[in-house]
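Notes follow the structure.
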Amino acid sequence: MMRLALLIVGAPILAGGAVAQQQKIGDPPEASNMRLVGWNDLQGRSAYQPTIHRQGDRWIAYIGHHGGTDAVAAPINSLTGKAEPNGTSIVDVTDPANPRYLHHLPGQEGKYESGGAQMVRVCDGATLPKGDRRAVYMLRTFGSEAHEIWNVADPANPALVTRIAGLKDTHKSWWECDTGIAYLVSGVPDWRVRRMTQVYDLSDPAHPVKIRDFGLAGQQPGAVGAVPTELHGPISTGPGGNRVYFGYGTDKGGMLQIVDREKLLKGPAAPTDDNLRYPEVGRLLMSAWNGAHTTFPLPQMPIAEFAHDSEGAKRDIVMVVDEAIQNECREARQMVWFADVSIEARPMMISNWTVPEASGHFCQRGGRFGAHSSNESMDPIFYRKLAFIAFFNAGVRALDIRDPYHPMEIGYFIPAITDKTDKRCVRGGGQDRCRTAIQTNNVETDARGYVYIVDRANTGLHILELTGPARTVAGLK
Amino acid sequence: MLSRRTLLYAAFAAVFLIATAAFSAYVRWDVAHTPRQYDGWQRIAWPFPRDGWDEGQAWRGHGLELYVRPKLGFCGNCDTGVVEDSEVDRVTDIDLVDPLFVPLAPGQRIHVTDLVGRSRLYRLRSRGAAQLAEAIAVSYRCDLVVAIVVGNVADEKLRRTARRFLEADPVQDWINGQLGER
């Protein structure tokens, strides 16, 4: 009798979706065709970009961090016992099962997006045209105020080489190791946007040479009228591909801009409307609901379905990854898009992919749910075969992209939370309601086939490997 | 045949569900029926095309038009809020009112209730040489509240009238609801 009444009351509530699968400490990770190999807590620091670099017979992970949190503004560096504002973690991952934390290089004081040292790229001095052949150079942001280059030949003892300062913001830069050309995402005073591009020649890291400032026409100093969407970050294909793909918009009003690299580097540098338009060869406007966080080029993809067609059997593809910003789905879904840019003046979205929300009731788990970024390594081990997408509370997702017209998930890994995992709150009824969930923020791969994911909610670095059919797709034994 | 006790429990359950549904309907009705007139202001339809943000409120009164809406998560720096004029140019809806807007002068620090940010005056080129607007951007944590006042905003008295209305119940109740009843 009582049960019948409870059923009458309870059934609609359950049907309404109260069956949230919130993570709890002690729960195992959730995985399919991916396996945890090793873990490091990164001293409980909120993580952004990981870059994995081979130095001799060692493999070193450089991991950029956001600023601290309200609860812990400057976590303790366990190597020194001192409280340090979040900066760059340097971890020896030669043995991926036992990653060794080597050094923490402090960043700018500040919390969340306002401090830290989010971005990091690494080039060998022997590869850079004018670098010290014995050096290994780490380019990183220093909060919102500077870009820095450090010599990390001895990764446990970085030495500052140079600093490009006087900025009001920084973000997701790109550095061509074979030429030294860097596309620095900066906030330059007088520009009308928080973030634009400073193009530098960093072929001799000790002596940076500014080439030009770049952005969309209307963003430059002195322009009037509507301000075009601000930059998130570029990826260059270098002199070989002669293209730079710029992603604008992060989570709203997105745009993929295709730029002729030669014209960008050698064209007139003064930031006028005409000069800023000159290097552009195409652009793809996205919905006002989606932005472009990562624009990852996949040129000359053979499309099996088109193999017998007289034209277009190979397509130039750019994978565009949006960034989810709001907790608990309080925005339009941010996901992964594939653009066919073979005809550069008329790029076209051809497919998209998202984690099915119902597969984990992710909107109720807490924190952000949606895409954030992809791996950016172009090492042949995964390039143009598999892509790895950081999907916040849905962990990392492995996509088979061999047919970009029909991307397909072939694996995933959602790490377990720990006592260091930070809560994420939403506002309702005048109060904060907080939940704790994994927030996989960024992902990178190395040439050995390991996958490195880092957590925005302070859960650290997880080193993964593929298993089963996913391994076969990558051609791994 | 159900017993009397079962029927009683079922009745309680049904009353609970009906009450919940009624409360939910009332909340929706209340939102939909926010006063459409207040102190010389008349609520009008949001006139701008759909974009990445939810529609805002639009009002007309005292020779002015006022457009206001929150933009959740849009604050460039959650700690400092809106501190530069270029941010006012970029984050407000001044481009919807006139994509050819021209700033008239440097902006000013402003507060709307307890939210702090900046305001700036503009000339609206596409509406004729004399048309002016004031753009306002204030922040709460990482969320923005942006407003545009169109009309003779060179008149400080009229600007004050618009700001008083921004701080009045019809606008503030709605904004606080959007911001999670901060």
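The values are calculated or read from the model by the stated rules, or taken from the named source; none is laboratory data. Just so it is clear, the model here is predicted, and its values are computed rather than measured. All Cβ positions, even for glycine, are placed from backbone atoms using ideal geometry, and neighbour counts span all protein chains on display.
Would you pick out the residues in segment A:291-312 that are part of a loop (DSSP other than H, G, I, E, B) and surrounded by 14 or more Cβ atoms within 10 Å (Cβ to Cβ)?
Filtering segment A:291-312 down to residues part of a loop (DSSP other than H, G, I, E, B) leaves A:291, A:293, A:303, A:307-312.
The answer is A:Gly291, A:His293, A:Ile303.
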Matching residues in segment A:107-129 - criterion: being modelled with pLDDT under 95 and not aromatic (Phe, Trp, Tyr): A:Gly110, A:Lys111, A:Glu113, A:Ser114, A:Gly115
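Name the residues in segment A:369-421 that are assigned to a loop (DSSP other than H, G, I, E, B) and aromatic (Phe, Trp, Tyr), would you? It would help to see each step written out before you state the result.
Step one: filter segment A:369-421 for residues assigned to a loop (DSSP other than H, G, I, E, B), giving A:375-385, A:393-395, A:401-407, A:415-421.
Within segment A:369-421, A:Phe382, A:Tyr383, A:Tyr405 qualify.
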Residues being away from every other protein chain (no Cβ under 14 Å) and polar (S, T, N, Q) - total across segment A:198-249: 5
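Would you call A:Asp92 within 22 Å of the chain's Cα centre (by Cα) and either surrounded by 22 or more Cβ atoms within 10 Å (Cβ to Cβ) or under 20 Å from A:Leu461 (Cβ atoms) (or both)?
On the way: within 22 Å of the chain's Cα centre (by Cα): yes; either surrounded by 22 or more Cβ atoms within 10 Å (Cβ to Cβ) or under 20 Å from A:Leu461 (Cβ atoms) (or both): yes.
Yes: the conditions hold for A:Asp92.
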Qualifying positions in segment A:460-476 - within 17 Å of the chain's Cα centre (by Cα) and either in a loop (DSSP other than H, G, I, E, B) or more than 15 Å from A:Pro96 (Cβ to Cβ) (or both): A:Gly460
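Residues checked against (1) surrounded by 15 or more Cβ atoms within 10 Å (Cβ to Cβ); (2) small (Gly, Ala, Ser); (3) within 14 Å of chain B (Cβ to nearest Cβ); (4) under 20 Å from A:Gly233 (Cα atoms):
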| position | (1), (2), (3), (4) |
| --- | --- |
| A:Leu265 | yes, no, no, yes |
| A:Trp289 | yes, no, yes, yes |
| A:Gln334 | yes, no, yes, yes |
| A:Ala339 | yes, yes, no, yes |
| A:Arg346 | no, no, no, no |
| A:Thr354 | yes, no, no, no |
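Conditions (1) closer than 16 Å to B:Leu64 by Cα; (2) small (Gly, Ala, Ser); (3) over 20 Å from the mean Cα position of the chain (by Cα), marked per residue:
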{"position": "B:Phe101", "(1), (2), (3)": "no, no, yes"}
{"position": "B:Ala105", "(1), (2), (3)": "no, yes, yes"}
{"position": "B:Leu121", "(1), (2), (3)": "yes, no, no"}
{"position": "B:Ala130", "(1), (2), (3)": "yes, yes, yes"}
{"position": "B:Ile136", "(1), (2), (3)": "yes, no, no"}
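Tell me, which residue of segment A:95-106 that is touching a Pro at 6+ places or on another chain (Cβ under 7 Å) and closer than 24 Å to A:Asp446 by Cβ is farthest from the other protein chains (Cβ to nearest Cβ)?
If we filter segment A:95-106 for residues that are touching a Pro at 6+ places or on another chain (Cβ under 7 Å), which is where we start, we get A:102-103, A:105-106.
Keeping just the survivors that are closer than 24 Å to A:Asp446 by Cβ gives A:102-103, A:105.
Values: A:Leu102: 31, A:His103: 28, A:Leu105: 23 Å.
So the residue we want is A:Leu102.
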Out of A:Ser359, A:Ser373, A:Ser377, sole residue that is of a type in the set (Ser, Thr, Tyr), over 21 Å from A:Asp340 (Cβ atoms) and surrounded by fewer than 17 Cβ atoms within 10 Å (Cβ to Cβ): A:Ser359
Boolean, A:Gly430 is surrounded by fewer than 24 Cβ atoms within 10 Å (Cβ to Cβ) and modelled with pLDDT under 95: yes
Residues that are in contact (Cβ under 8 Å) with a residue 12 or more places away in the chain and of a type in the set (Gly, Ala, Ser), drawn from segment A:322-358: A:Ala324, A:Ala332, A:Ala339, A:Ser342, A:Ala345, A:Ser351
Top-ranked residue of segment A:24-79 - restricted to ones that are at positive phi and outside any loop (DSSP other than H, G, I, E, B), ranked as surrounded by the most Cβ atoms within 10 Å (Cβ to Cβ): A:Leu42
Of all residues in segment B:124-182 being within 16 Å of B:Asp54 (Cβ to Cβ) and free of Cβ contacts under 8 Å to residues at least 40 places away in the same chain, the one that is farthest from the other protein chains (Cβ to nearest Cβ): B:Asn176
Unmet requirement for A:Arg133, which otherwise passes all of (1) within 14 Å of chain B (Cβ to nearest Cβ); (2) without any contact (Cβ under 8 Å) to a residue 40 or more places away in the chain: (1)
So B:Val88, is it more than 8 Å from chain A (Cβ to nearest Cβ) and of a type in the set (Val, Ile, Thr): yes
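Can you find a residue that is part of a strand (DSSP E or B) and closer than 19 Å to A:Gly428 by Cβ anywhere in segment B:148-167? It would help to see each step written out before you state the result.
Within segment B:148-167, the first condition is being part of a strand (DSSP E or B), and the residues that meet it are B:148-150.
With closer than 19 Å to A:Gly428 by Cβ added as a condition, the list becomes none.
Looking for residues that are part of a strand (DSSP E or B) and closer than 19 Å to A:Gly428 by Cβ, one finds none in segment B:148-167, hence no.
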Residues being without any contact (Cβ under 8 Å) to a residue 40 or more places away in the chain and not in a strand (DSSP E or B) - total across segment A:142-187: 5
Residue satisfying all of: in segment B:125-151; modelled with pLDDT of 95 or more and over 17 Å from B:Pro70 (Cα atoms); surrounded by the most Cβ atoms within 10 Å (Cβ to Cβ) among these: B:Ala133
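Of everything in segment A:424-442 that's of a type in the set (A, V, I, L, M) and part of a loop (DSSP other than H, G, I, E, B), which residue is nearest to A:Leu464 (Cα to Cα)?
To start, the set of residues in segment A:424-442 that are of a type in the set (A, V, I, L, M) comprises A:426, A:437-438.
When the remaining residues are screened for being part of a loop (DSSP other than H, G, I, E, B), the result is A:437-438.
On the way: A:Ala437: 19, A:Ile438: 16 Å.
Once the filter is applied, the top-ranked residue is A:Ile438.
Mind listing whichever residues of segment B:44-73 are in a strand (DSSP E or B) and within 10 Å of chain A (Cβ to nearest Cβ)? Before the answer, list the steps.
Pass one, segment B:44-73, residues in a strand (DSSP E or B): B:44, B:57-61, B:64-71.
Correct list: B:Lys71 only.
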